[in-house]
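Below is one structure, written out as structure tokens; comments come after it.
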Amino acid sequence: MIKFLDLQKVTQLHIDEINEAIQRVINSGWYLQGKEVQTFEEQYAAYIGTRHCIGVGNGLDALRLILRAYIELGIMKEGDEIIVPANTYIASILAISDNNLKPVLVEPDIETLQIDPSKIENAITDKTKAIMIVHLYGRCAYNESVANLCKQYGLKLIEDNAQAHGCQYKNKRTGSLGDAAGHSFYPGKNLGALGDAGAVTTNDLTLADCVRTLANYGSSRKYIFTYQGFNSRLDEIQAAVLSIKLRYLDEENQKRKGIAKLYLENIRHHDIVLPIVDNWDSNVFHIFPTLTTQRDKLQKYLSDQDIRTLIHYPIPPHKQTCYTAWNELSFPITEKIHEQELSLPISAVMNKNQATKITETINRWK
Ligand SMILES: *Cc1c(COP(=O)(O)O)cnc(C)c1O
């Protein structure tokens with residue numbers, strides 16, 4: 001059977017180093033706000049190419065904290081609007097609405113599956129304060145037109161980099177392209193912890209200090225509380241594991257690209273649309289998304305041949321019960337993606353034989 005993602009194997013790749021690191025933290029007697037977190041923050045900031053990195057509890061919190069910090073700093077206020085792709089994972093949108101900001105959904109481009117820059121300008125009002133781009137499926141969503149719109153309208157550019165660790169735009173990494181970025185180290189992500197973990201990266205020292213304070217009860221000095229903050233910290237064990245896995249991230253992303261190349265060169269089917277790759281540096285293939293009008297049939301066919309696939313995602317955010325006010329809105333491209341998307345297995349622990357078996361099975365599909 002070919003799993004969608006074999007996390008046990010992923011961890012086994014570096015098991016000795018991971019065991020050693022965990023033992024080291026256990027024996028140290030120091031579990032939060034210590035040198036493991038500090039080391040990881042420095043290494044990750046250097047990797048992404050930002051001056052600051054703040055380890056936090058998870059990816060959703062990273063995004064919530066960025067927006068909350070902008071509110072505390074007087075840059076945004078309740079009711080302000082944030083532009084976000086309509087086809088993103090729900091967390092990007094939750095981070096906005098949780099702060100009493102208004103998510104403004106913008107359709108993606110059907111070829112890139114990323115927010116369509118040509119549709120952003122129409123969505124900008126005098127309440128718009130930021131564009132949140134999401135490097136969905138591991139593909140870079142940043143481009144000059146998004147950057148120009150931010151400049152022209154004085155908007156913050158926030159990146160949701162939960163799916164794109166290591167992805168590049170020209171010579172810069174995603175997570176360093178805008179004003180601030182949220183990262184998730186959920187176990188299944190390209191850089192995954194052994195539990196929940198996340199980070200904020202930014203070059204803005206004021207923002208970085210505010211995020212760090214907010215994530216620690218609103219306190220920057222013990223028992224002095226500047227903000228009504230919350231508790232969202234990266235712990236020492238996860239940080240130690242992440243420091244190890246960060247060393248192998250580029251190599252593992254290369255393995256993902258090898259699988260993607262094999263699929264792209266060999267899958268041939270009249271009813272399956274494969275992702276378009278215009279730049280191999282700008283895609284780290286967190287997901288390998290395909291589109292087909294017979295999605296559910298294809299998924300069942302592959303499952304019958306012991307190949308597991310997933311749908312990213314089955315129901316678009318505007319059709320969810322948590323956002324009933326949007327349920328009657330129409331986003332045809334987003335809806336089409338949610339009806340047709342099927343993700344093939346891709347990971348650093350998949351081998352060529354498995355990818356070839358998947359390819360041949362798909363090519364035989366009638
Ligand atoms: C995983 C993910 C998040 C949330 O990360 P968690 O660590 O699970 O909170 C946010 N945005 C996107 C696009 C994601 O894929």
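The values are calculated or read from the model by the stated rules, or taken from the named source; none is laboratory data. Note that the coordinates shown come from a computational prediction; the quantities given were computed from them, not determined experimentally. As a convention, Cβ positions derive from the backbone with ideal geometry for all residues, glycine included, and neighbour counts pool all protein chains shown. Areas reflect the complete protein model, heavy atoms only, side chains present, ligands, DNA and RNA absent. Shrake-Rupley method; radii C 1.70, N 1.55, O 1.52, S 1.80 Å.
Observations on the structure shown:
- Looking only at region 117-131, residues that are of a type outside the set (Gly, Ala, Ser) and touching a helix residue (DSSP H, G or I) at 6+ places or on another chain (Cβ under 8 Å) come to 7 in all.
- When residues of region 1-47 are limited to those that are in contact with a helix residue (DSSP H, G or I) (Cβ under 7 Å, 6 or more places away or on another chain) and of a type in the set (Val, Ile, Thr), the one nearest to Ala197 (Cα to Cα): Val37
- Residues in region 208-243 that are within 15 Å of the ligand (Cβ to nearest atom), assigned to a helix (DSSP H, G or I) and open to solvent by less than 10 Å² (accessible area, probe 1.4 Å): Ala239, Val241, Leu242.
- Residue within region 69-78 that is within 19 Å of the chain's Cα centre (by Cα) and among the aliphatic types (A, V, I, L, M) present: no
- Hits in region 11-65 (condition: under 20 Å from Ala180 (Cα atoms) and among the acidic types (Asp, Glu)): Glu41, Glu42, Asp61
- Some residue of region 182-198 being at pLDDT 95 or above, over 14 Å from the mean Cα position of the chain (by Cα) and on the phi > 0 side of the Ramachandran plot: yes
- As a summary of the residue check, Ala69 satisfies the conditions (1) touching a residue at least 60 places away in the same chain (Cβ under 8 Å); (2) open to solvent by 10 Å² or more (accessible area, probe 1.4 Å) except for the one numbered (2).
- Put simply, of Leu205, Leu194 the only residue that is within 16 Å of the ligand (Cβ to nearest atom), surrounded by fewer than 21 Cβ atoms within 10 Å (Cβ to Cβ) and of a type in the set (A, V, I, L, M, F, W, C) is Leu194.
- Yes/no for Asn122 being closer than 25 Å to Gly198 by Cα and open to solvent by 30 Å² or more (accessible area, probe 1.4 Å): no
- Verdict on Asp98 being within 15 Å of the ligand (Cβ to nearest atom) and charged (D, E, K, R): yes
- Complete set of residues in region 278-301 that are under 26 Å from Gly175 (Cβ atoms) and either open to solvent by 40 Å² or more (accessible area, probe 1.4 Å) or not in a loop (DSSP other than H, G, I, E, B) (or both): Asp278, Asn279, Trp280, Asp281, Ser282, Asn283, Phe288, Pro289
- A single entry from Ala180, Ala164 fulfils the requirement of being within 22 Å of Gly49 (Cβ to Cβ) and within 12 Å of the ligand (Cβ to nearest atom): Ala164.
- For region 141-169, the set of residues classified as farther than 23 Å from Leu94 by Cβ and either in a loop (DSSP other than H, G, I, E, B) or open to solvent by less than 10 Å² (accessible area, probe 1.4 Å) (or both) consists of Asn143, Gly154, Gly166, listed by residue number.
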